[in-house]
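Notes for the one structure printed next.
Just so it is clear, none of the values below were taken in a lab; they were calculated from the coordinates. As the structure is a computational prediction, the values presented were derived from the model and not from experiment. No Cβ is skipped: glycine too gets one built from the backbone with ideal geometry, and neighbour counts run over all protein chains shown.
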Amino acid sequence: MLDFLNGTGVAIITPFHKDGSVDFIGLENLVEHLIAGGVGYLVVLGTTGETATLSAMEKEAVVAAVLSVNKGRLPVVLGVGGNNTAEVLNQLQEYDFSEISAVLSVSPYYNRPTQEGIFQHYKAVSEASSKPVIIYNVPSRTGSNITAETTILIAKELENVIATKEACGSIEQIMQIIAHKPDDFKVISGDDSLTLPILAAGGVGVISVVANSFPAQIAELVKAGLKGDFATARKLHYKLNGITALHFEEGNPAGVKAYLSKLGICEPYVRLPLVAASSGLKEKIRESIKALK
C-alpha cells in the first residue's frame, strides 16, 4: 500500500516575505526545486511548514498553491493533527482530500495523554479519515512518546493507519517497531541524521527537512540504502552530515530557510516566536554550500 512512501518525502517549508505574508512565488520555486531534485512525495502543513502560525485561510491557500504547482506530478501528504481530537476529526471530515494521497497526523501535544489515550486518539482519526493515516511521533515537540508497544498495537489494530514517521531519537525503539510490526506497515525516518541507520534496520525512507535544500542528494542516499548499496549511502550520509547539523543548529525551520535563501529559492524569514538564523550561522551555511560544490 502507498509504495511512494518507499523513498524520500519532503516536509516542505512555508516561505514568508519580510512583512510576514506568505511568499507564494517562493513556494512555487520550492516545489519545482523539489520535483527537479527527484524526491518521491511532498508533505504539506507539517511542523517544518510553521503550520502552528498559519491562519485557517493561509493553510487552505498554501495547500491550494502546492497542488496547483505540483499538477499531480508527485503524491501529496497533508498534515492534519492537533491536541483536540474533536477538532482534528472535524478537519478530516470537512477538507477536500481528492488530490491528497495520505494524512500525516502528529501525536497529541501539550495534553500529554497516556498510551491508551494516544491509541484512542488514533483510532478516532483512522475511522474519520478518508485517506490512509501516517503516525508522527516526535516527543521533543509533543512532550510525550508513542512507545514501540503502542505503535505496534496501532499498526495491528487500526487498518487505516499504514505507517509511522519516527522522530523519537531512539534507534532501539525504532528497531523494536520494525521487528514486531505487520509486514505491510511502514517505518519512515523523521530525523535526517538517523535516516541511514533506519534504512539499514529496515525502514522504507524519510520525510526530510534537509531535502528542502538538497533534494537530489537526499533522494540518492535513500535510493542507495533501499537497494542495499550502503557503501554509496554511507558516503552520502557523511558528505551531508555537517550540513544536516547546520540545518538544526538554531532550530527548524530557521536553518533550512537560511539554506534556501542562499540557494536562491526563497527568502529566509520565519514567524514569531521563531527568529531567523544568526549571521554566524548564515556564514557557516554559505561556507558549507561552497564546500559541497
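Rounded to the nearest 5, what % of the DSSP beta bridges within segment 3-227 are antiparallel ones?
Working: 1 of 28 bridges.
The antiparallel fraction comes to roughly 5 percent.
Once you order the gyration tensor axes a ≥ b ≥ c over the Cα atoms, which shape class does the chain get: rounded for a/c under 1.5, otherwise prolate or oblate by comparing a/b with b/c?
Working: a/c = 1.56, a/b = 1.19, b/c = 1.31.
Oblate.
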**OP:** Take the alpha carbon atoms of segment 213-285, find their center, do the same for segment 56-95, and report the distance between the two centers in whole angstrom.
**Re:** 25 Å
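Can you list the GluC sites (Glu not before Pro) in segment 150-243 that are in a DSSP coil and have 15 or fewer other beta carbons within 10 angstrom? Walk me through the numbers before you get to the answer.
Numbers: sites: GLU157, GLU159, GLU166, GLU172, GLU220; in loops: GLU159.
Passing both the DSSP loop test and the Cβ count: GLU159.
Please list, by residue number, every one of the trypsin sites (Lys or Arg not before Pro) in segment 182-251 that is coil in DSSP and has at most 11 other beta-carbon atoms within 10 Å.
Here the sparse-neighbourhood loop sites are LYS227.
In a shell of Cβ-Cβ distance under 15 Å around TYR110, excluding TYR110 itself, what net charge do Lys and Arg (+1) and Asp and Glu (-1) give? Each step should come with its number before you reach the end.
On the way: positive: ARG112, ARG141; negative: GLU87.
Every neighbour counted, the sum reads +1.
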Original post:
What does the highest-first list of 18-27, 37-46 look like by mean Cβ count within 10 Å?
Top reply: 37-46, 18-27
**OP:** Could you list, in their original order, any pairs among LYS223/LYS262; LYS186/LYS290; LYS71/LYS223; LYS181/LYS235; LYS186/LYS257; LYS71/LYS186 whose Cα atoms are separated by more than 32 Å?
**Re:** LYS186/LYS290
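Net charge around SER193, counting only other residues with Cβ within less than 13 Å of its Cβ (Lys, Arg = +1; Asp, Glu = -1)? Can you show the working numbers first?
On the way: positive: none; negative: GLU166, ASP191, ASP192, GLU249.
Combined, the nearby Lys, Arg, Asp and Glu give -4.
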